[in-house]
1. Kindly provide the set of residues from segment 123-148 that are more than 22 Å from ALA47 (Cα to Cα), crowded, with 17+ Cβ neighbours inside 10 Å and of a type in the set (A, V, I, L, M, F, W, C), ordered by number.
2. Taking segment 67-103 only, how many residues are aliphatic (A, V, I, L, M), surrounded by fewer than 22 Cβ atoms within 10 Å (Cβ to Cβ) and touching a strand residue (DSSP E or B) at 6+ places or on another chain (Cβ under 8 Å)?
3. Among the residues that make up segment 210-225, is at least one of them touching a His at 6+ places or on another chain (Cβ under 8 Å) and not β-branched (Val, Ile, Thr)?
4. Select, from ALA17, ALA37, ALA47, the only residue that is touching a strand residue (DSSP E or B) at 6+ places or on another chain (Cβ under 6 Å) and within 18 Å of ARG269 (Cβ to Cβ).
5. I'd like the full set of residues that are of a type in the set (A, V, I, L, M, F, W, C) and over 12 Å from GLY77 (Cβ atoms), limited to segment 116-147.
6. What number of residues within segment 27-46 satisfy the criterion of being touching a helix residue (DSSP H, G or I) at 6+ places or on another chain (Cβ under 6 Å), part of a helix (DSSP H, G or I) and either within 16 Å of MET101 (Cβ to Cβ) or among the aliphatic types (A, V, I, L, M) (or both)?
7. Of all the helices (runs of 4 or more DSSP H) wholly in segment 51-161, which have at least 1 residues that are among the aromatic types (Phe, Trp, Tyr) and either farther than 21 Å from SER5 by Cα or touching a residue at least 40 places away in the same chain (Cβ under 8 Å) (or both)?
8. Of everything in segment 32-58, what is more than 17 Å from GLY251 (Cα to Cα), among the β-branched types (Val, Ile, Thr) and surrounded by fewer than 17 Cβ atoms within 10 Å (Cβ to Cβ)? Give them in sequence order.
Amino acid sequence: MFSGSIPALVTPFRDGAFSEPDFRALVEWQIEQGSAALVPCGTTGEAATLTKEEQFEIVRICADQAKGRVKILAGAGSNDTRVAIGNVEAAQASGADAALMVPPYYNRPSQEGIFRHFEAVAQATDLPIVLYNVPGRTVTDIQPATVARIVKAFPRTFVGIKDASGSLGRVTEHRQGCGPAFAQLSGNDETALGFNAMGGTGCISVTANVAPKLCAEFQAAWAAGDTAQALALHDRLYPLHIAMFSDASPGPVKYALARVRPGFPAELRLPMTAPSEASRAAVDAALEYAGLI
């Protein structure tokens, strides 16, 4: 269901409020540049500082602007199972094609608790779900055996995973446990090439906010078996992948977007703050290296 370059979209703000015109323009540009699907209201979209009303209005606007040209994978996770179910329902009502869901964070459930959480969500909805494993942020780690258990129990619901665990070996474990039809998407741009080589199908990308055409070409080259071109594009983008996390995300990527698309607002909501001078210098150098400025 999901493959290729899929940007985890930033959420533009002006004077503290969501900027719909800037967001619609971003969505349109991403589609024009070849992005395969879109993720509104994920981590990069500052979902943690959005109200529920804002979050699913943004999903609705994303779907409205896309008009079916690409799939919409809406961030919908929560550490409260009841809230997670409500989020999936709201995402579906807003026009999302699927939901992207982290396991419960902060309260640190066991592997059994993680399974029961997703079991309850699956029993309450028919919307496809992509698991999102990012233990560096959630502390909770969905172990490969638990991923396989979830997928085998509800194969029509759980269609893929965004894996930001940093363990490339899990691509093989997930393929063996969940089957070849299970979509595996890298959650880390800098290892997306190796992830694909292990059996991945694409990347939910931060860098694609800034370089959507290059990221789409990278994924297309790999899918076509042109490994030399994929490697060349990987090398061209690699400094930018690293620069996107030279300070707390999404500060660097919003700064980068304002450089690539003059007039785009780089505003963040607290507790996120503007990137440091060193981070901005790293972003500038990476953008120049990639030929984007």
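Computed from the coordinates by the stated procedures, all read-outs in this text should not be read as laboratory data. These numbers were taken from a predicted model, which means no experiment stands behind them. FYI the Cβ positions are ideal-geometry reconstructions off the backbone, even for glycines, and counts take in every protein chain you see.
1. Of everything in segment 123-148, those that are more than 22 Å from ALA47 (Cα to Cα), crowded, with 17+ Cβ neighbours inside 10 Å and of a type in the set (A, V, I, L, M, F, W, C) turn out to be VAL147, ALA148.
2. 1
3. Yes, because at least one residue in segment 210-225 is touching a His at 6+ places or on another chain (Cβ under 8 Å) and not β-branched (Val, Ile, Thr).
4. Going through ALA17, ALA37, ALA47 in turn, just one is touching a strand residue (DSSP E or B) at 6+ places or on another chain (Cβ under 6 Å) and within 18 Å of ARG269 (Cβ to Cβ): ALA47.
5. Hits for segment 116-147 are ALA120, ALA122, ALA124, LEU127, VAL139, ALA145, VAL147.
6. So the count comes out to 1.
7. In segment 51-161, the matching helices (runs of 4 or more DSSP H) lie at 52-66, 111-124.
8. Within segment 32-58, THR51 is the sole residue that qualifies.
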